Amino acid sequence: MTYPALTVITFLPLLGAAGILLLGRGQRARWVALATTLATLAAMAPLCSGFDKTKSGLQFVDLVQWISMGNVQINYQLGVDGISLPFIVLSGLLTLLCVGASWTAIRTRDREFYAALLLAETAMIGLFAAANFFLFFIFWELMVVPLFLLIGIWGGSNRVYAALKFLLFTLAGSVLMLVGMIALQVATPEAGLNFKQLTGTTLDTTLQIWLFLAFLAAFAVKVPMFPVHTWLPDAHTEAPTAGSVILAGILLKMGAYGFLRVALPVLPEAVQIFLMPMLIISVVAIIYGAYVTLSQTDVKRLIAYSSVSHMGFVTLGIFTLDQRAVEGAILQMINHGIISAALFLCVGMIYERTHTREIKDYGGVAKTAPIYATLLALFCLAAAGFPGLNSFVGEFLIIGGAFKTNPWLGAMAIWGVVLGTTYLLWLYYRMVIGEMNPGLQGLKIELTARETLTLAPLAFLALYLGLHPECVLSYLHIPVSELPNIIATP
Amino acid sequence: MTPVPITDVALLVPELILIGMALALLLVASRIREAGLATAGTVLAAALAAVLTIWLMPQSSVSGFSEMITIDGYSQFFKVLIASALGLTALLSVKRVDVKFVRPAEYHALLLLAAAGMMFAVSSLDLMTLYLGLELTTLCSYVLVGITVDKPDSNEAAIKYFLLGSFASALFLYGMALIYGATGATDFQTIALVLSESGLGSDPLFVAGAGLLTAGLAFKIAAVPFHAWAPDAYEGAHAPVAAFLATASKAAGLAALGRVCWAVFKTPSNQLQLDKLLPEVSMVLVGLAALSIIVGSIIALAQTNMKRLLAYSSIAHAGYALLGFISGTDAGAVATMTYAFLYVFMTLGAFGIVIALEDRGETLDGYQGLAVQRPKTAALMLLFLLSLTGIPPTAGFMAKFVVILNVVQEGYYALAILAVACSVITAFVYLRVAVLMYMKESPVAAAADPDETLSSRLPLAVSAALAVAALVTVIGGVFPGVLTSWAVAP
């Protein structure tokens, strides 16, 4: 028996959570959480170094017989391919940074906080490592519980409303996915819901259409696509910083990942049928999200709405079905994970000092906090798609694909980029540049060493992926080219 | 009539153990002043009965008493379940039974007799014995509900339960008489044979009889529209009695209903007749299940008393459990059995928490701020609530998965979607309690007790019962095959 790398990575955080609940008292909880997240990240090293980019299919497969009831045979099976590996690493990294960001921000019931955070990490890693639909679904649902607690216990003033709204939206979507999954199991009992075997089977077109709609319900809520995005601003705004980071960094990617892992490979005919509607609602999300973002006065709400717009680019890229655009969409998922997490961290750090999220209460931050201003500038530019920073490459690939599919889509996407630059730079202008807001006098706004250290990896990644995007893209070439319906780029 | 061979008595050993212990308790009743001894006796008898049931587990079914009583996998499964529920209820009673108002010996003797009646009912192959078993159970239940003579609401509950219950028994009896009139038999095998040969399926006499019989059984499992007694009875009764009614009694009712339905489903010959009859039986079950799920989940939304909330939840769960029966396949029966098994433990757990928290009252408001004051109790309750909602990886999810799988397999897509949609409603019901526990401040300033150990506040017996329930809830979710793989259709 070989070393079950993925199982260890997935359940190490769970072990840490149990450890915290059992023995962590007082200050000890955050140290245990830090150690666990560091260990998890370290345990990913052999995964990255041992991964063979030139091989197709899953690697590091852990396979155990699990459920056997009547004709239902479902295995416990984890495995990674080039699409899931970057997300697993991103999940590990962001959870570590969340611990860093919560170091002083969380002062009440910190044991439960860190336990919930680590439980969420298990769910995230497990979801991306799942090699069958059943496990995927279990981790998908498991993710909801810790986030519900994170938002509802440690959130802002309207937290209970936000937490319940988040929970009911996601549950309403995922129960339909459950019915779809069961229908899939009934239609192909011998596949055992294994993604690989499901890809090989051809389903009846009508069934495919219904399944696509059922899965769409779940994925669209998580992405979130227009018009089921309304939970997102509330959840983001009320969540504590760590909650926002997990939400924006990973949870939003789950929906798009679901499209790539389930909808595209298993339901190729339905995808062709729904191509145009999906492209159109993606563009609507881009433009509508951008305009709504422009009108926000609350920093967190602004970044939350900008996510709607940015995730619109991702779904646009996926449903062009163009090889380069799909790769760009996946790269953009990673990029958005890095940048939106960084932006939420920046906002959370300054909020800890000022206790206000209103943009008008800020201004002239650059005068007292040069490091903060520099980092925020970097992240704002990256989010706006500035050349040389990471989002540029992703958006470029997506828009290229969109132009090939339909020039109008490309044009609208470019308009989305223009609006994105506007709201981000305007936000930066109002918060950081100009005269110092009198309300900020006397506050020590400059980042501490711990906070700078928390942001540094993200800043490095934003630069590195901008200059060398191939380090992610090279993982994607083979798995993306193996998706059905993909139009290969010569 | 041939004399009953003495070997037939061996079939009833588990029942005889329970009855023997009940009689023993009654004999020494005047000497028992403390609940402890009676509890110990009850648990011992339950454990013995369960062990013997497993030991008697046959390779193939054995019947005796002129084909009236059988030992088969189906009855043994439910007997073990009933014995477990009895044992846990006895353990939970330790805290609740106040020797000033309730005589412990009588109380436990009644529990034992009720359980013996259930066991008798689940192994019946004849309407007469089925009626006897169920009637023994209900008569004991009436007394148990009203056992605190000094409390008006307990008396009120008992009288309501008695009036409605006797009406249901009368319906059952009348249905039995009509079926006897139509077929000339009371044992399932002959009835089924007559049905298939003579085409009585559409005979009004038989249809009326079957309808009345179903109504009587639906009353036992509190399926809508025969559910009205449950909330009142649960609210007025002692919490352990309510737990016993909601779990063991419901499981026995389901078992009896399954036995009756399968007598028809499994009719050996004349497929033509069956094709006419089966859809009718299925339709009735679909109606009962759908109504129970809808009414149970929606009315639960409005509840402010924890026991009433659990009563409506148990009504909805009766509906979910019935989903397995509608297919008429053996896999469907196994699905319902799995559901019943897992449901019993998670519901006992939830009631156990209600019992553990009786000093905070039984209204929902009493749960405010529980997570700060008693984190472990709150965490356990959260587990049971998540399981009742059906969120993986808890037992409740697996239970829902198997029954909905069965529904989808039969092509009842609308019913499957209805069931999962209502599970979103129940999610709101249960998580409202979670919100109170985790996200609200307690109005009563009690000292926070982060190091609470369950045993410091609770008798060891109650903690043990909660631990067993929690263990089954977790194992049932993570390794679903382990606990219920021995379920066999009738």
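Quick note: the coordinates plus some simple rules give every number you see, no bench work behind them. For clarity, every value in this text was computed on a predicted model and none was experimentally measured. Reconstructed Cβ throughout: ideal geometry from the backbone, glycine too, with neighbour counts over all protein chains shown.
Here are a few things to note about the model shown:
- Region A:46-146 - percent relative contact order, Cα under 8 Å, separation 6 or more: 26
- Set of aspartates and glutamates with alpha-carbon distance to A:K55 below 19 Å, sequence-local pairs under 8 removed: A:D81, A:E327, A:E470, A:E482
- Per-residue mean of C-beta atoms belonging to partner chains within 10 Å, peptide A:64-71: 5
- Overall form of region B:300-374 per C-alpha gyration tensor (a/c, 1.5; a/b vs b/c): prolate
- Ranking of B:F188, B:F384 by neighbouring Cβ atoms within 10 Å, starting from the fewest: B:F188, B:F384.
- Shown is the FRET efficiency for B:Y174 and A:T205, computed with R0 = 41 Å from the Cβ-Cβ distance and rounded to the nearest 0.05: 0.20.
- Principal axis dimensions, largest first and in whole angstrom, of the protein assembly as shown by Cα: 99, 64, 51
- Annotation: the residues A:M69, B:M118, B:M437, sorted from fewest to most other C-beta atoms within 10 Å of their own C-beta, follow the order A:M69, B:M437, B:M118.
- Shielding by partners, peptide A:176-184 (average Cβ within 10 angstrom, other chains): 6
- Here the relative contact order of region A:387-490, from alpha carbon pairs under 8 Å that lie six or more residues apart, stands at 46 percent.
- Burial order of peptide ranges B:473-480, A:109-116 (average beta-carbon count within 10 Å, highest first): A:109-116, B:473-480
- Listed peptides A:351-362, B:160-171, B:246-257 by packing density, highest first (mean Cβ within 10 Å): B:246-257, B:160-171, A:351-362
- Sorted by Cβ density within 10 Å, fewest first, the residues A:M311, B:M21: B:M21, A:M311
- Interatomic Cα distance distribution for region B:1-92, bins of 5 angstrom, percent: 3, 14, 21, 20, 16, 12, 8, 5, 2, 0
- Summing Cβ point charges (Lys, Arg +1; Asp, Glu -1) relative to the Cα centre of region A:274-490 gives a dipole of roughly 360 debye.
- Tensor-based shape of region A:388-436 (alpha-carbon gyration tensor, a/c under 1.5 rounded, otherwise prolate or oblate): oblate
- Region A:397-490 shape via C-alpha gyration tensor axes, a/c threshold 1.5: oblate
- Largest first and in whole Å, the equivalent-ellipsoid semi-axes of region A:274-490 read 34, 19, 12, each the square root of five times a Cα gyration tensor eigenvalue.
- Average beta carbon contacts from partner chains per residue of B:136-147, 10 Å cutoff: 0
- Reachable aspartates and glutamates, given that their alpha-carbon falls under 13 Å from the alpha-carbon of B:K79 and they are not under 8 places away in the same chain: B:E15
- Here the convex hull built on the C-alpha positions of region B:6-484 has a volume of 132 cubic angstrom per residue.
- Placing unit charges on each Cβ (+1 for Lys and Arg, -1 for Asp and Glu) gives chain B a dipole about its Cα centre, and among B:A263, B:L173, B:V372 the Cα reaching farthest toward its positive end belongs to B:V372.
- The mean sequence separation of alpha-carbon pairs under 8 Å and at least six residues apart, normalised by the residue count of region A:274-490, gives a relative contact order of 30 percent.
- Of the residues A:I280, A:L23, A:A242, the one whose Cα sits farthest toward the positive end of the charge dipole of chain A, with +1 on the Cβ of Lys and Arg and -1 on the Cβ of Asp and Glu, is A:L23.
- Dipole magnitude of region B:6-484, debye to nearest 20 (Cβ charges: Lys/Arg +1, Asp/Glu -1, about Cα centre): 780
- Of all lysines in the structure, those lying under 27 Å Cα to Cα from A:K367, and not within fewer than 8 positions of it along the same chain, are A:K300, A:K444.
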